[in-house]
Structures are given as structure tokens and as C-alpha cells.
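Reading through the C-alpha cells given below for one structure.
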Amino acid sequence: MMAKVIGLSTMSDTVAPMLSVFPSRALVDENFKVVVENLPPGSPVTLHSLHQCEDKHYWEAYGHYISNHRGTVSVTDDLSFGGTYTGKEAMGLLWSMRPVPGSREGLRLRKRNVCSPLLVNISVYRGHVVEGFREQAPLASSLTERWYMAPGGPCFYLQVHYLKNYFLVFFSFCPGPFPGLLDVWGGGGGLVEYRSALLGSHGYASLALEYFAPGELKSSDLEFNYFETAFNIVKDHPQVMPDKVGIFGLSLGASLTLLLAAESSIIKPSCCVFCYSVSNMNTVHKSFFLVISFKVGRINCPVMVVNSHDDQNMATVESSEDMAQMMRAAGNLHLLTRLYYPDAGHLIEPPYTPHFRATKFVKDTKEKVILLWGGQTKPHSDAQEDSWKKILAFLEQNL
Amino acid sequence: MDRKQCCVKLSVQPSRGLMDEKFIILVQNVFPGFQLTLHALYKCDDGHSWEAFAHYTASAIGTVNVSEDPSLGGTYSGVEPMGLLWSLRPVPGSKPWLRMRKMNVQTPMVVTISVYPGHQTEGFLDQVSLAGVVVERWYMAPGVRRIPITEAGLTATLFLPPGPGPFPGLLDLWGGGGKLVEYRSALLASHGFASLALDYLTPKVTIETGKMVDNQYFERAYKVLEQHPQILSSRIAMIGLSFGTCITFKMAVYSQVAKLRCIVCISGSHVQPIDGSVEQIMSFFNKNAEKTRFNNENQVIWHDLLLPIPTDPSLKVDVGQLQCPLLLVVGEDDQNWPAHESAMDIKEMMERAGNSHLLTLLSYPNAGHLIEPPFTPFAKASAFRDISSRQMLVALWGGETAAHSRAQEDAWRKTLVFLRANLYAGANTDATSFSNL
């Protein structure tokens, strides 16, 4: 009978727990499963995510778990007892990410190069850790890629006189034609491609439009013509179905799109999605909004408005009520779909990205301020997930 | 333009996956009962094009789900979720006797999956499809590190899983075709095993000196794993295919240096001069060259070279002395090696010696010699350069497409279970029986 020698040899024999993320490569709006196996049963551990953005800032999230009798933790099925998120949250490690302690104020996570993925490091630490993650060795870690573009998506830029530059996403191996989208962003200015890339991955030829560089808001000459040209570029493209072009607007972009849909004789979208900021704006170029009278009764296409309470950026809820009134008066109310999300804050973007209560914003006077967008992290992320699904369904139905 | 046709929706989930992961192909928005063809196109790194296709009829709700619905014909039939990959074959007009092997594991295999109207069998590339999706298949998971190893005169590549470790280690040997073949090691690292792919037939030292490697070459490779700070020296295993099994058996039973926790032997044999070096083992095989047969298509059948299984103990590794678990994988239609006959002899030797509890045998009817990680095109025969004679021949590997592909999927899954149980489980694993596999 051989005595089993336990002790030092067994300790040095300990292999690392297995941490797996499935799928390891996914689109930004897809779910994943994070599982840790081979832990001692009933042991407290911390699951941690880390991302270094293009501006070199670090973002992290974490949740506290206890392994089950088989030594397993499954983020999809188990409860987080604390951290940057609590409860059963499959995607909490992504949407609850925030800048690591000691970071500058007012940071915002936005990916500029959409041809490469967001790299997120997922690790598991012994015990319930709340800080100092980078100073200790994790038990195991894994890397996951989050993509804005599906495989096969080429990136190409078209320089057009009048428009500074723009980005058209579509998939050339596909026969087409595709429904088109004009994707208009908010008051931050500059070219923001990633939502278009994601929409492109869902089968839309989506054009992300830049209409002024950051900070140039007041000085630029915004005219209908500019947007009409952009709309026509999408509509007239040989691989786009001309009778199926919609408009997607966020924040300032939403106001603009609403106005275009109501007033322009050239722009006739098949449908519109506004992520609210339908309101009285005081930071907007006057000449453009001198004629703000929401003749929204003129809108002839299905419209989806996404707004929320606790919206500290603009008085959106009130104005969307106004809008409903006007459409009812014009007999167009059946075209309107509204989504309400309490406590969600202003910035509603594709899901599973970090939430921002306040970020840096460059005003037209080149002054940098911190803008309070509002919202609580969990309701905002739930709103992002739910609204994105409904927006995609709405677009599919109408385009 | 037919409006309805423009709206055909095709999705493949996941669109980026590992080579051994399954995907779900879904076609939606077609008319109920609509006949369509699903087509896959792959252009390999050498520039050859491969294609596969299958015929489906849409359901009452206008969908086709490849994981649930049967193919009515094409390069595969029946319900086969991954058929569009394993039934890929070179397009008409290609060079004959091709075998798909991805030598660059740092880029994905890129496959275009498309839908065509009707039940078609050819001319796909001359038409416009109804919908198409590009899918990436990767050998390396994100974060897996690829480290070329040239120290100690070795020609090898080490693949480390992401994270601090420590990880169990694997020594990975391929067969008589030589070259440094990385894809199985890359995939194993993606599953948590630090894996060293070793070139032992055509390494730098052999190319330069003309001399084949000695037995110490393999022990030096083992030491690279043993001494690596992120690898657990007490949890090192070995996996060999074809000629690689000769080395694996030899190391497991006779090496004083290698302490293997378990071994996996695929499509090989224990028959060899037990004191022999690589060169001597090769000569032993070549002595029986007159037993080489050819089929009607002039393809080489080397199956008989080691037959009959000798009774002389100096001509086969004494597997009765094996002290670690052995996973033995054989294809019953193997035309290249007598893997099945060797397996029977191994089983008998181990039963006589009393260590057969260490043996797990996976034997697959209608599977051939090249039992590799799943979901890559099946090749019943392909061009092969014989290492000793330097002649280019067409070797018959055996197997039937669907059965062999299913065998690969099953064998790979069980190999991972076997490795995980022996290399990742808790402290008390002695020999574990896997009769329930």
C-alpha cells in the first residue's frame, strides 16, 4: 500500500484554472459566455475585464463571485455579489467598464479605427478584490475580440467635394442591393464610424456623416443642401435600393434628421430613427434652427423615437410629447413608435459599451467642458441592449 | 428585380470562430418550399479554390437551418451542420491530388457562404448569389502566443495559451511528410495546453547536414517544455500521428528523461526496432518496400509494410510497460498504416501485462489515415513526397468522406476530454479509465 505524498509536490502540481470566453471573437452587439473551471469549490473569486483604448487610457470592470461545488463560475448563470455590477449580468464585464482609478476626468470610450477589434482582457483573481488589479497576478486570463465590422467588410473612403470626407460601409462579396442608411451623429462633431460599421455588419449600406470638426459648431455653414447631397449619395449608389434609405440620428443628429424628414423636398427617407434630442437646443447654429417649428406633421414615413428620463442634456421628453401632439394633429400618429427608458441618460449607443454619466465635450468656443449626460449605469445599459434590438427590428421591417 | 429575392437573409453564427467550433447557418425570408443551394467557397493560401454545396428546401415558415434540416444532395447529404466545410473539394479544373493544410496559422481560413436559387450543381461563380456572408475560421484564439524555438538545435514552434499559467505541456509530432506543421498545436493552445510543434524529419539541422536527428533531439524538445517557467513540468503529455506515434510510444516506454503524464497516438503503430533512431526505423520500413501495393488508380498503399505484426519483442515497443494513460485512435479503413491491426496487438499485449486499464481505444469504421482536427476538407488520397526516396507519389489514405469527417469530430472532442482529464484535473489522478468515452 503506497502512501500518497501530499504537500509540496501537490502544490507545485497545481495547474491554473481554465477561463474561457465564448465566442472569443464577436461583434460588439453580440453576447458572450464567460466561464471559469477548475477552481476549488466554494471559493470567492473576482472576474475582471481590462481594455486599453486608442487614446491609451485603461478601462476596467469587475464582479465578485463564488464558485459552485464543481469549482465553476459562469457569468451568464451566476450572481455577482459586488463590483461594478451586481446580480446576474452576462455582459456586465463590458457595459460596466469605467476608467481605472487615477484617470483623467470626463473620458469617453469611442473607437475610431473600425477595421480592428476592441481587445478586452478577461481575468479571474483569487478572492473579492476591489482595486490594484494590475499589481497582482491573476489566476488565469483570456483575451476576447469585439468587432464593429463583420468579416469581409472592406473599408474605403470616398472624397467628395463639399463633404469633407465620409465613410461608406458595404460588403462587396454580397450581390446587393442593400437598404441604405444615413447615419448622423451628435454635437461632438468629427467623423464617427463605428455605428455605421455595426449597421453595415447587419446588412445596411450605412454612411456616417461628418458635418463639422469638433468645436467648429458655430462657425460651420450648415445648410440643407449638404445633407441632401449626402442622402442622394447613398440613394443613388448602384448597390443601394433607392426606395429603401433611412436616416439614423443621435443627439444633435437626431434634431437635424427630424428637420430633414419634415422639411426637405429632396430627402424622402423610408424610415427614421432618432435617439432623442428632439428639443430646444441652445448650442446649435442659429441660421439652421431659426426655422425650427416642428412641422412634424409633414413626416410621411415611420419614425422611431428613443428617449429617456433623467436626460440632463436636453429637455427631450417634453419635446417628444410635443412631437406626438403634432403628429396626432396631422393624422400621422400611426407612423410613430416611441421607446421610453427611465434613468437611462442621454447617450444611447449600440449595447455592451461602457456608460458615461459625464464626458469631455468641446464647445464651439474651443472651450472644454464636462457635459453631464445623465443616467444610471445598469438601466442605461439595459436600455442600450433593448433599444438596439428594437431599432434593428424596426429597420428590418421598414427597409 | 424580384423584391423578395433581395431580402433573402443569410446568417452564420459565429462569423469568426475557431477551426473546431461549430457554426449555425440560417437562411430566412424565402418563400416556403423554395428550393435553394447553399454554397461554400474557400481560396487557400496556395491560391487553389475549394467549394462545397448542398441542396435544401425551405420550411413552411420560409427558413433553412443547416443544423436541423437535411441536405437533399450536393457534396454532402442529410443533416450536417458542418458539411459545407468538411465536404469542400478543389473546384473543377484544379491541380489533382491536393490536400488542404494551413501552414500559416496566424491568419484565418476565410470562407464565403452564399445562397443560390434552385438546386444547382455547377457554375456558381458565374452567377450572382441571393445573399452571401464571409466567415473566418481561426486556429489561434485571441491572446495565444506563437514562439519559434531554435535553441538546442531544434526546429519547433511553441504555442502558449493566454494568461499567466502555469499550463500543462504537450509535445506534438506529425508524420512522414515532414515540415513544421503548426495548426494542431495552435488549436491545442487555444484550449489551454502549451503545445510544441516539432519538425523532426526536415529540421534545419537535417537540411544542412543531411543527417537525420537522433533520439536526444526529442528529449531536448521535452526539456524545452519541462524547463519553461509557464509550463508545469509534472504535466507534460505527447501527441503523435502516423510516424509520430513511433516516437511517442518509444519516449513513453523507454525514455529516462521524459516523464509523460499521458499520450495520444493516432493512426500509428508500436512496431519498430526498439533501439532504433529515426533513420533506423525508416530503413526498417523500407526493407519491406516490396509489400507496397497500388490500386487501380495507381495510388500507393503502404498499409502492408509493417505486416504481419511481429512476435519478436525487439521489433515492437513493449506497451506492457506503459505507466501512463494511452488514447489510441485508429481508422479502420486506413490504407497507409496498419493502425487497426497494431491496435489489436497493443490491446492484447496490455491485457497480458495487466495495464490495459490505461488504454482507451477509439476505432472508427470507414475512417482513413489522416485523422486530424475537424471541419477541414477530406482527402482520400493526395500527393505525397516520400522522405527517403524523394519521389512524388499519390498516397491512398482511405476513408469515406462523411464517416471520416464524423470520426475526426468525435476523436478530437474525446482527445480534448482525455487531455483535460489527465492534465487539468485535481491532484489524485492515477490512471483513469475512459470506458465511458
Just tell me how shielded B:162-170 is by partners: mean number of partner chain Cβ atoms within 10 Å of each residue's Cβ, no decimals.
5
Please list the helices of chain B that count as membrane-span-like by this rule: a mean Kyte-Doolittle hydropathy of at least -1.0 together with Cα atoms stretching 27 Å or more along the helix axis, each helix being a complete DSSP H run.
B:401-423
Given R₀ = 35 Å, FRET efficiency for residue B:207-residue B:125 by Cβ-Cβ distance, to 0.05?
0.30
Give me a single rounded figure for B:127-134: the average over its residues of other chain Cβ atoms within 10 Å of their Cβ.
4
With all protein chains modelled, accessible area of residue A:128 [1.4 Å, Å²]
80 Å²
Any chance you could look up the accessible area of residue A:57 with a 1.4 Å probe, heavy atoms only, rounded to 10 Å²?
40 Å²
Where a ≥ b ≥ c are the square roots of the eigenvalues of the C-alpha gyration tensor, would you call segment B:236-292 rounded, which needs a/c under 1.5, or, failing that, prolate if a/b is larger than b/c, or oblate?
oblate
Label residue A:386 and residue A:137 with points 7 Å out from Cα along Cα→Cβ: what is the distance between them in nm?
4.5 nm
Please return the longest stretch of chain B lacking exposed loop sites, where trypsin sites (Lys or Arg not before Pro) count only if DSSP places them in a loop and at most 12 other Cβ atoms lie within 10 Å.
B:1-210
Among B:268, B:320, B:33, whose mean-square fluctuation peaks in a Gaussian network model of chain B (Cα, cutoff 10 Å)?
B:33
Roughly how many nanometres apart are two label points built 7 Å out from the Cα toward the Cβ at residue B:104 and residue A:130?
5.0 nm
Within-12-Å neighbourhood charge of residue B:366 [Cβ basis; K, R +1; D, E -1]
-2
Starting from the Cα of residue B:298, step 7 Å along the direction of its Cβ; do the same at residue B:150; then give the gap between the two resulting points in nm.
4.1 nm
per DSSP, antiparallel bridges as share of beta bridges in segment B:267-424, % nearest 5, sits at 55 percent
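Percent of accessible area on chain B owned by carbon and sulfur, 1.4 Å probe? It would help to have the intermediate numbers written out before the result.
Working: 8560 of 16810 Å².
Here it works out to 51 percent.
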With only Lys, Arg, Asp and Glu charged, each at its Cβ (+1 for the first two, -1 for the last two), find how big the charge dipole of segment B:192-239 is about the Cα centre; round to the nearest 20 debye.
80 debye
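Below 8 Å, C-alpha to C-alpha, sequence gap of six or more: please give me the relative contact order for chain B in percent. Write down the numbers at each step before the final one.
Values: 1007 pairs, mean separation 53.1, N = 437.
Answer for chain B is 12 percent.
With Rg and the Kirkwood Rh both taken from Cα atoms, where does Rg over Rh land for chain B? Show your work: numbers first, answer last.
Working: Rg = 22.7 Å, Rh = 22.9 Å.
Across chain B, the Cα-based Rg/Rh ratio is 0.99.
I'd like the interface area for chains A and B: accessible area of each alone minus the complex, both sides summed, 1.4 Å probe, protein heavy atoms only. What is it in Å² to the nearest 100?
Values: alone 17940 and 18210 Å², together 33230 Å².
Interface area, both chains combined: 2900 Å², rounded to the nearest 100.
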Roughly how big is segment B:174-281's charge dipole about its Cα centre, with Cβ charges of +1 (Lys, Arg) and -1 (Asp, Glu), in debye to the nearest 20?
260 debye
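The values are calculated or read from the model by the stated rules, or taken from the named source; none is laboratory data. Computed from a prediction, not measured in an experiment: that's the story for all the values here. No Cβ is skipped: glycine too gets one built from the backbone with ideal geometry, and neighbour counts run over all protein chains shown. Note: accessible area is taken over every heavy atom of the protein model, side chains too, but ligands, DNA and RNA are not part of it. Shrake-Rupley method; radii C 1.70, N 1.55, O 1.52, S 1.80 Å.
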